[in-house]
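Student: Have a look at this one before I ask anything.
All of the numbers you see were taken from the coordinates with simple rules; none came from a lab. Please read all numbers here as calculations on a predicted model, not as lab measurements. Here the Cβ positions follow ideal geometry from the backbone for every residue, glycine too, while neighbour counts run over all protein chains shown.
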Amino acid sequence: MVPPRNRCGICFAKSEDFVDLPEIGTLKNFTVTNYIISERKIRIRKDGVIVGLVQLDGADTAMIVPIINVNGEDIREEMKVKVVWANNPMGRPQDIQGFEPFGGV
């Protein structure tokens, strides 16, 4: 659903071998922050948000995403998480609202 980059960010070679990945991944690491992510200027929130490093099953790398629908005391490294999509996905990275626990906390 979210399009991959069509060129390598280092050498700019065209990417042609794409792999479909599942919506399930593993939370590798996380933090609670009061800073708003996805903004170009520093803005502080009143309530903290959980930001995690999630590696989708079958992927070689991880991505930084919001971790949602979970209490801070229930979250742990190596837990399984599942993508939560926007209501009207448009094929862009912002279509991922975040990841939530999958298969129990």
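Student: Out of curiosity, is V54 surrounded by 15 or more Cβ atoms within 10 Å (Cβ to Cβ) and free of Cβ contacts under 8 Å to residues at least 24 places away in the same chain?
Tutor: Details: surrounded by 15 or more Cβ atoms within 10 Å (Cβ to Cβ): yes; free of Cβ contacts under 8 Å to residues at least 24 places away in the same chain: no.
So V54 does not fit the description; no.
Student: Something else: Just one of (1) more than 17 Å from P4 (Cα to Cα); (2) surrounded by fewer than 12 Cβ atoms within 10 Å (Cβ to Cβ); (3) among the charged types (D, E, K, R); (4) in contact (Cβ under 8 Å) with a residue 40 or more places away in the chain trips up K46, so point out which.
Tutor: Looking at each condition in turn, K46 falls short on (4).
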